[in-house]
Amino acid sequence: MAQQKLFSLEDLNSGGRNYYNLRPENKWTTWWGDQLIRTDVEKCSMIDLNTGKEKTLFTLDEVNNWIHSNDSVFVRHLMNATFPYADKPWVMLGNRKAIILLDFQTKEIVWQDSISESDIAHEWNATTKNTVYLKDNQLIVLDAQGHAKQLTTDGSREIVYGQSVHRNEFGIEKGLFWSPDGQHLAFYRMDQSMVTDYPQVDIFQREATYEPDKYPMAGETSHKVTVGVYHTATGKTVYLAAGDPTDRYFTNIAWSPDSKTIYMFELNRDQNDCRLTSYDAETGQKKGELYQETSDKYVEPLHPIQFLPWDASKFIMQSQRDGYNHLYLYQQDGKLIKQLTSGKWVVMDVIGFNQKQKSVIYLSNEKSPIQSNIYAVNISTGQRTLLDNGRGYHNGNISESGQYIVDRYSEPTLPRVIDIINVNKRSHINYLTADDKWKDYQVPTYECGMIKAADETTDLYYRMVKPADFNPAKKYPTVIYVYGGPHAHNVDASIRYASRSWETYMAQKGYIIFVLDNRGSENRGRDFEQATFRQLGQIEMQDQMKGVEFLQSLPYVDKDRLGVHGWSYGGFMTISLMTNYPDVFKVGVAGGPVIDWKWYEVMYGERYMDTPQTNPEGYEKISLLNKAKNLKGKLQIITGYNDNTVVPQHCLAFLAACIEAGTQPDFFVYPGELHNMRGHASVHLHERITQYFEDYLK
């Protein structure tokens with residue numbers, strides 16, 4: 001072991017200078033219909049789906065020679081090449097100035113589109129080759145012949161068009177939605193003029209400048225969103241007649257296959273009444289309400305409906321109304337045909353459809369709560385078929401017809417594997433099994449196990465990382481890494497049980513790291529997650545303390561040297577644990593912590609806590625301002641100076657409370673950084689976190 005290398009943060013951290021040299025080998029691919037293409041820096045290659053062998057289609061040098069661009073190098077790499085037409089030898093390429101379609105057989109450009117003036121958002125439609133983009137806050141549509149049409153005139157930082165709304169909650173990732181025929185464009189319009197500004201400051205100017213963010217806090221006035229539909233044939237825009245948008249959320253926009261109807265989920269501000277509605281794309285008038293789901297806690301729509309490729313009269317919908325997220329088959333008019341999947345496990349994502357077998361291809365954790373596996377469910381029979389090896393943590397990318405899937409996965413001892421699955425034949429070939437780049441290093445031991453939650457019934461999964469030279473006769477300082485919040489998990493069956501690289505660094509320095517997914521985290525069903533409703537942090541702490549009990553039962557864990565660290569929700573949990581159990585934890589490092597949930601955003605905060613007006617006792621109970629007086633151990637708080645997710649008000653208010661109470665936390669700020677440290681600043685951050693434990697826990 002003495003001859004093996006030691007890791008540095010430059011090796012382990014994603015911002016480190018040697019990080020990418022220690023990542024397992026990878027191959028990037030994209031589909032050209034049912035043909036699989038490898039996209040690399042210097043060339044694109046076709047992959048034989050029976051053997052995995054590659055044949056070069058074209059090279060980077062060839063592409064730049066064919067283009068005859070005024071730029072000496074138009075395309076700098078081929079990693080982002082796409083093949084949007086299954087029946088045409090056309091590749092889509094681009095740079096920051098333009099996008100082109102290149103026929104790689106005739107070696108000619110068949111279409112090009114200048115987007116050099118685009119600010120942020122742009123969306124292209126393969127049917128018409130229309131492009132919509134944002135310039136100076138206004139939406140502009142460019143047709144295939146290059147004719148521009150400006151759709152809006154009042155865009156500003158207060159009237160926002162074509163971007164993600166509702167602060168990216170409810171599965172929203174974008175704000176532009178072309179219809180399948182490319183003749184209609186649905187887009188978001190967000191009026192946030194009534195939302196209070198949070199006073200962010202840019203300190204890197206000669207005189208610091210005011211750069212406010214619109215930030216709607218829990219219980220306060222939120223923005224208003226509407227959905228517009230632009231018709232390319234008439235040049236006119238109509239807005240969906242959804243009624244007053246005040247205190248409502250519109251999400252998961254989907255088009256019917258015939259491009260005549262728009263579907264979306266509408267949610268009230270309490271987030272306990274969710275409705276699937278349909279609108280006429282030509283007139284904007286409401287056609288009907290297809291589905292309603294209510295809850296005494298909350299309903300959270302995260303996925304748009306998806307129509308069956310072989311039957312436009314039916315669609316699938318995801319819901320966890322039976323306690324677990326599952327697939328349901330509906331008629332176009334909203335009549336339930338049947339539930340497609342069921343069981344005490346969750347559908348994690350829909351990958352696509354297999355048209356020959358008429359099945360839905362999806363990811364689920366049916367095999368194990370910590371796994372992700374690829375399944376097919378037959379629409380007619382409901383029969384489920386496992387398509388992968390039944391182990392590990394898988395993700396899939398499906399071909400146009402659904403016959404083939406690129407299966408990317410890892411297992412606790414396998415860093416990366418890529419298989420190609422033939423769904424129709426239920427067979428697969430191996431395309432890549434990556435070598436472990438860590439084989440020459442001293443690598444810690446990674447273990448996974450289960451303990452009971454504080455309810456003494458629910459199974460919770462943990463990960464433990466031990467030093468490479470672990471000696472059970474010794475006593476080790478132990479750090480609990482925690483997140484604990486919804487829509488996240490820390491432990492799964494991927495490489496090293498999903499251990500973060502910082503844990504490896506700490507184990508190398510002689511620490512044990514312990515990570516537990518408490519109730520409130522994801523992929524365990526509705527009741528598991530909603531156990532924390534209206535009292536964030538409380539159930540989570542109870543479960544984390546069961547983890548502490550487990551650690552204290554181990555002879556090699558030093559009970560007097562327990563630390564805790566987490567970021568964001570984990571920062572909230574870190575300070576919660578430090579102040580609610582001040583005699584247990586000697587040292588803590590809290591990054592970007594929520595201190596008082598009344599200062600967090602409307603959508604997320606009110607989903608889990610209701611409003612400060614309707615749940616004052618809950619907000620008061622979980623506020624860490626009230627706990628500042630309890631701090632005993634050494635606590636370092638770290639934040640990005642320009643954090644626009646958990647705004648700096650949280651940290652500063654807690655410091656003020658500590659000053660008033662006479663307690664002494666430490667505080668460090670990263671100027672110009674947001675909620676997470678970017679680039680090499682992340683290396684600095686993790687060295688700082690490590691050093692704090694080295695100074696006060698070891």
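The values are calculated or read from the model by the stated rules, or taken from the named source; none is laboratory data. In this text the structure is predicted, and so the values were computed from the model without any measurement. Cβ: placed from backbone, ideal geometry, glycine included. Neighbour counts: every protein chain shown. In case anyone asks, the SASA skips ligands and DNA or RNA and just uses the protein heavy atoms, side chains included. Shrake-Rupley method; radii C 1.70, N 1.55, O 1.52, S 1.80 Å.
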Taking the simple approach of a point 7 Å from Cα along Cα-to-Cβ for both Asp435 and Thr294, what is their distance in nm? 6.3 nm
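Working out 0.36 nm times the residue gap between Ile159 and Asp560, then minus their Cα-Cα distance, what length gain in nm do you get to one decimal? All intermediate terms of the calculation are to be shown ahead of the outcome.
On the way: separation 401, 0.36 × 401 = 144.36 nm, distance 5.49 nm.
Net length gain for the segment: 138.9 nm.
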For the chain, find the longest principal axis of its Cα atoms and tell me its angle to the long axis of helix 649-661, 0 to 90°, nearest 10. 10 degrees
As an exercise, find the ratio Rg/Rh for segment 64-187 from alpha-carbon atoms, using the Kirkwood inverse-distance average for Rh. 0.99
Please identify which residues in segment 461-498 have an amide N closer than 19 Å to a label point set 7 Å out from the Cα of Lys698, following the Cα→Cβ vector. 465-472, 474-481
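Starting from the Cα-Cα distance between Ser553 and Asp191, subtract it from 0.36 nm times their residue separation and give me the gain in nm to one decimal. Intermediate values should be presented prior to the final figure.
On the way: separation 362, 0.36 × 362 = 130.32 nm, distance 5.54 nm.
Here the answer is 124.8 nm.
Suppose we keep just the DSSP beta bridges with both residues in the chain; what percent of those would be antiparallel, to 5?
So the antiparallel bridges amount to about 85 percent of the total.
What are the trypsin sites (Lys or Arg not before Pro) within segment 1-46 that DSSP puts in a loop, where the Cβ has at most 11 other Cβ atoms within 10 Å? Mind dumping the intermediate values first?
Working: sites: Lys5, Arg17, Lys27, Arg38, Lys43; in loops: Arg17, Lys27.
Counting only loop positions with at most 11 other Cβ atoms within 10 Å, none of the trypsin sites (Lys or Arg not before Pro) in segment 1-46 qualifies.
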Working out 0.36 nm times the residue gap between Lys621 and Glu456, then minus their Cα-Cα distance, what length gain in nm do you get to one decimal? 57.0 nm
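Which value at 222 nm does the chain reach when only helices count, each DSSP H run of 4 or more adding -39,500 (n - 2.57), with the total divided by all residues and rounded to the nearest 500 deg cm²/dmol?
Working: 10 runs with 96 residues, N = 698.
Using -39500 (n - 2.57) per qualifying helix, the result is -4000 deg cm²/dmol.
Taking all protein chains as present, what is the carbon and sulfur share of the accessible area of segment 554-633, in % to the nearest whole number, probe 1.4 Å?
51 percent
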Quick one: Cα convex hull volume of the chain, Å³ per residue? 177 Å³
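Which loop-located trypsin sites (Lys or Arg not before Pro) does segment 117-198 contain, where loop means any DSSP state but H, G, I, E or B and the Cβ has at most 12 other Cβ atoms within 10 Å?
Values: sites: Lys129, Lys135, Lys149, Arg157, Arg167, Lys174, Arg189; in loops: Lys129, Arg157, Lys174.
Of the trypsin sites (Lys or Arg not before Pro), the ones in loops of segment 117-198 whose Cβ has at most 12 other Cβ atoms within 10 Å are Arg157.
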At a 1.4 Å probe radius, carbon and sulfur cover how many percent of the accessible area of segment 398-502? 45 percent
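Of the chymotrypsin sites (Phe, Trp or Tyr not before Pro) in segment 273-340, which ones lie in a loop per DSSP and count no more than 13 other C-beta atoms within 10 Å?
For chymotrypsin sites (Phe, Trp or Tyr not before Pro) across segment 273-340 that sit outside H, G, I, E and B with at most 13 neighbouring Cβ atoms in 10 Å, the list reads Trp310.
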Using R₀ = 45 Å, calculate the FRET efficiency as 1/(1 + (r/R₀)^6) where r is the Cβ-Cβ separation of Leu336 and Glu42; round to 0.05. 0.30
Which residues in segment 326-370 have a backbone N closer than 17 Å to a point placed 7 Å from the Cα of Lys425 along the Cα-to-Cβ line? 356-357
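Tell me the per residue accessible area of the chain using a 1.4 Å probe; a whole number in Å² is fine.
Details: 29180 Å² over 698 residues.
That works out to 42 Å² for each residue.
Taking 26 Å as the cut-off for C-alpha to C-alpha distance, list the pairs among Lys559/Lys629; Lys452/Lys634; Lys97/Lys224; Lys586/Lys629 that go past it. Don't jump to the answer; show the numbers that get you there.
Details: Lys559/Lys629 23 Å; Lys452/Lys634 29 Å; Lys97/Lys224 33 Å; Lys586/Lys629 16 Å.
In this structure, Lys452/Lys634; Lys97/Lys224 exceed 26 Å between Cα atoms.
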Give me the distance in nm between label points sitting 7 Å out from Cα along the Cα-to-Cβ direction at Asn50 and Gln205, one decimal. 6.6 nm
By how many degrees, between 0 and 90 and to the nearest 10, does the Cα long axis of helix 681-696 differ from the longest principal axis of the chain? 20 degrees
Among segment 216-247, those whose backbone N falls under 20 Å of a label point 7 Å along Cα→Cβ from Gln145 are 231-236
Between Lys344 and Trp28, with labels modelled 7 Å along Cα→Cβ, what's the label distance in nm to one decimal, could you check? 4.3 nm
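With +1 assigned to the C-beta of every Lys and Arg and -1 to the C-beta of every Asp and Glu, and no other charges, what is the dipole magnitude of segment 380-451 about the Cα centre in debye, to the nearest 20?
Numbers: 8 positive and 9 negative charges, 47 e Å.
Computed charge dipole of segment 380-451: roughly 220 debye.
What pairs in Lys107/Lys358; Lys174/Lys367; Lys627/Lys698; Lys43/Lys437; Lys509/Lys546; Lys107/Lys149 have C-alpha atoms more than 28 Å from each other? Don't skip to the end; give the middle numbers.
On the way: Lys107/Lys358 38 Å; Lys174/Lys367 33 Å; Lys627/Lys698 26 Å; Lys43/Lys437 25 Å; Lys509/Lys546 26 Å; Lys107/Lys149 31 Å.
Cα-Cα > 28 Å for Lys107/Lys358; Lys174/Lys367; Lys107/Lys149; rest within.
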What part of the accessible area of segment 148-231, given as a whole %, is carbon or sulfur when the probe is 1.4 angstrom? 44 percent
Using only the alpha-carbon atoms, how far is helix 538-552 inclined from the longest principal axis of the chain? Give it as 0 to 90 degrees, nearest 10. 60 degrees
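Taking the Cβ-Cβ separation of Glu108 and Glu400 as r and a Förster radius of 25 Å, what is the calculated FRET efficiency to the nearest 0.05? Kindly include the intermediate steps, with their values, before the conclusion.
Details: r = 24 Å, r/R0 = 0.98.
E(calc), rounded to 0.05, equals 0.55.
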